[in-house]
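Notes for the one structure printed next.
The values are calculated or read from the model by the stated rules, or taken from the named source; none is laboratory data. All values derive from a computational prediction rather than experimental measurement. Every residue, glycine among them, receives a Cβ derived from its backbone with ideal geometry; neighbour counts consider all protein chains shown. Ligands, DNA and RNA are excluded from the accessible area calculation, which covers all protein heavy atoms including side chains. Shrake-Rupley method; radii C 1.70, N 1.55, O 1.52, S 1.80 Å.
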Amino acid sequence: MTVTRSVVLGCGSYLPKQILTNAELATRIDTSDEWIVQRTGIRQRHIAAPGEYTSDLGTKAAIAALDDAGIDPQSIDLIVLGTSTPDNTFPATSVAIQNALGIHHGAAFDLQAVCSGFIFALATADNFLRSGAFKRALVIGAETFSRILDWNDRTTCVLFGDGAGAIVLEAQEQAGTNADSGVLTTHLRSDGRHKSKLYVDGGPSTTQTVGHVHMEGREVFKHAVGMITDVITDAFEATGTSAADIDWFVPHQANKRIIDASANKLHIPSEKVVLTVDRHGNTSAASIPLALAVARSEGKIKKGDLVLLEAMGGGFTWASALIRW
Ligand code: UT7
C-alpha cells in the first residue's frame, strides 16, 4: 500500500547585502570578536536595509526555491511562513509574499514558534499535503531580528541576524518505507513554563509596542542540548533509524557550542554537520532553510540523502524532522 509523502522539489535562500562583523560591533558596544567567536562561533551577520521587510526577504527566498524546483509559482496552493518578525501585526506576512509571487489562489498563513518556526511550518505543511488538502507548498522561514534587538544590550544584539530560506514540497505517492523520498517524520514540542527565559517585551495586547528581545542565555543553553537530543531520539524511534543512518545534520544555528554538544551526544561526526552560524548568526526561523540552501549550493545534500533537522527556541519550543532528499 502506498502512502503520501511531502517530497522536497527545491530550496533557496536570500541574505540582505549588508554584513555586520564582530569587529564593527566591538566599536559600538563593550564586546570583542574573540568573546563572540569563542562563546557562539558567530563571526558576522547580515542586516536588512532600511525599507527592506521580512516579506521582501521571504519573497526572494521563495523565488530562489521555485527556480531550484523548476516549477511554475501558480502550481503552489499553500504557503506557510515561520516568522517572529512579521511586517505588520496583521495581515500575515505570508499573504504579502503570496501576492508578490502573483499567487491569488490557495492559502497562505504565518506560524509563530520563534527559532523552531521552520520545523513547525514544515510539519504543518506536511500534514496538509499528506491529508490531500493541498498539492504543492512553499515552506518559508524569514526574519528581520535586527528590528527587535536592543543594540545597546551586548547579551543579545551580537547573536542575531536577518535572512530567509524556503523549500518547495509536493505531495507524492511513495512506497511507505524509510527509503521513500520526502518528510519521513516530524516531532514538535512546547513548554510554556520557560516563556520568560527568551521573550520580547512588547506586543499588541500588552504594551501596544513591538518590544525588544530579552534572553537568559545561560538558562536557554542549559536546557538546549537535552531538549534537542530528546526530540531527535523521538525521530529515530518513530522511523527505526539511528545516527549512523544520517547523511547530513542541519541544526538550528544559534550557537556552535550547542550544535557541537548535540552532535557529540548523538555520535554524529562533525563532517556531517552543516554549520552556517559563523556567517549568518542566529536568524531564528530562517536559519534551517538558509543552512539547507548553503549545503545544497556547496554540493553537500544530494538526492536520496537522509537529512536530520532540529531546532529549539523561545517558548520553549523544540522540534525535529527527518527528510529523505
Ligand atoms: O535560538 C534560540 C536559542 N538561543 C540559544 O540557543 C542561545 C543560548 N545561549 C547561548 O548561546 C549563550 O548562553 C550565550 C552565547 C548567550 C552566552 O554565553 P555564556 O557562555 O552562557 O555566557 P554568560 O551569559 O554566562 O556570560 C558570561 C560573561 C558575563 O560576564 P560576567 O558576569 O561573567 O562578568 C557576561 O556579562 O560574559 C559577559 N558577556 C559578554 N562579554 C562580551 C555577555 N555578553 C557579552 C558580549 N561580549 N557580547
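Within region 213-231, restricting attention to residues that are near the ligand (Cβ under 9 Å from one of its atoms) and of a type in the set (G, A, S), which residue is nearest to A321 (Cα to Cα)?
The qualifying residue nearest to A321 (Cα to Cα) is A224.
Select from region 145-171 the residues that are over 17 Å from the mean Cα position of the chain (by Cα) and not in a strand (DSSP E or B) and list them in ascending order.
Hits for region 145-171 are R147, I148, L149, D150, W151, N152, D153, R154, T155, T156, C157, V158.
Which is among the aliphatic types (A, V, I, L, M), modelled with pLDDT of 95 or more and outside the structural domain of L292 (by TED's automatic domain parsing), of I228, I268, I259, I167?
I167
In region 1-17, what count of residues is obtained for those that are polar (S, T, N, Q), surrounded by 14 or more Cβ atoms within 10 Å (Cβ to Cβ) and out of contact with any Lys or Arg (no Cβ under 7 Å at 6 or more places or on another chain)?
1
List every residue pair whose Cβ atoms sit under 8 Å apart, with the two residues 6 or more apart in sequence or on different chains, where the first one lies in region 80-93 and is in the same structural domain as F109 (by TED's automatic domain parsing) and over 23 Å from H105 (Cβ atoms) and the second, anywhere, is among the polar types (S, T, N, Q) and crowded, with 24+ Cβ neighbours inside 10 Å.
S84/S284; T85/T54; T85/T144; T85/S284
Consider Q208 carefully, then state whether it is open to solvent by 50 Å² or more (accessible area, probe 1.4 Å) and under 27 Å from G51 (Cβ atoms).
yes
Filter region 36-58 down to the residues that are without any contact (Cβ under 8 Å) to a residue 12 or more places away in the chain and within 13 Å of the ligand (Cβ to nearest atom) and list them by number.
Hit for region 36-58 is Q38, nothing else.
Is it true that some residue in region 237-260 is open to solvent by 10 Å² or more (accessible area, probe 1.4 Å), within 16 Å of the ligand (Cβ to nearest atom) and of a type in the set (G, A, S)?
The answer is yes; a qualifying residue exists.
Looking for whichever is surrounded by 22 or more Cβ atoms within 10 Å (Cβ to Cβ) and within 27 Å of P16 (Cα to Cα) here; the options are L322, L275, L309. Which one fits?
From the options L322, L275, L309, the qualifying one is L309.
Under 9 Å between Cβ atoms, which residue pairs at least 6 apart in sequence (or on different chains) link something in region 184-213 that is touching a residue at least 12 places away in the same chain (Cβ under 8 Å) with a partner that is among the basic types (K, R)?
Going by the 9 Å Cβ cut-off, the qualifying pairs are L184/R5; L184/R324; V210/R147.
Which pairs do you get when a residue that is at pLDDT 95 or above, found in region 97-120, comes within reach of a residue that is polar (S, T, N, Q) and open to solvent by 20 Å² or more (accessible area, probe 1.4 Å), reach meaning Cβ atoms under 7 angstrom, with the pair 6+ apart or on two chains?
I103/Q74; A108/Q98; L111/T124; Q112/S84; V114/S84; G117/S84; I119/T186
Filter region 130-157 down to the residues that are surrounded by 24 or more Cβ atoms within 10 Å (Cβ to Cβ) and in contact with a Leu (Cβ under 6 Å, 6 or more places away or on another chain) and list them by number.
Scanning region 130-157 gives A137, V139, I140, A142.
Listed here are the residues, each with its yes/no results for (1) open to solvent by 70 Å² or more (accessible area, probe 1.4 Å); (2) of a type in the set (A, V, I, L, M, F, W, C); (3) touching a Pro at 6+ places or on another chain (Cβ under 6 Å); (4) in a strand (DSSP E or B).
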| residue | (1), (2), (3), (4) |
| --- | --- |
| E173 | yes, no, no, yes |
| D180 | no, no, no, no |
| V183 | no, yes, no, yes |
| R193 | yes, no, no, no |
| Y199 | yes, no, no, yes |
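Does H187 meet the test of being more than 14 Å from the ligand (Cβ to nearest atom), in contact with an Asp or Glu (Cβ under 6 Å, 6 or more places away or on another chain) and either assigned by TED's automatic domain parsing to the domain that holds S297 or of a type outside the set (D, E, K, R) (or both)?
Yes.
Criterion first (open to solvent by less than 10 Å² (accessible area, probe 1.4 Å), of a type outside the set (F, W, Y), closer than 29 Å to D33 by Cβ and assigned by TED's automatic domain parsing to the domain that holds M227) does V294 satisfy it?
Answer is no for this residue.
Just to be sure I understand the filter: pairs with C-beta atoms under 6 Å, separated by 6 or more residues or on different chains, first member in region 282-301 and at pLDDT 95 or above, second member among the acidic types (D, E) and within 16 Å of the ligand (Cβ to nearest atom). Which pairs pass?
Filtered contacts from region 282-301: T283/E143; S284/E143; A285/E143; A286/E143.
Listed residues A49, A61; which is under 19 Å from S284 (Cα atoms), touching a strand residue (DSSP E or B) at 6+ places or on another chain (Cβ under 7 Å) and loosely packed, with under 14 Cβ neighbours inside 10 Å?
Just one listed residue meets the conditions, A49.
If you check R147, R154, which single one turns out to be within 16 Å of the ligand (Cβ to nearest atom), closer than 20 Å to I42 by Cβ and modelled with pLDDT of 95 or more?
Checking each option against the conditions leaves just R154.
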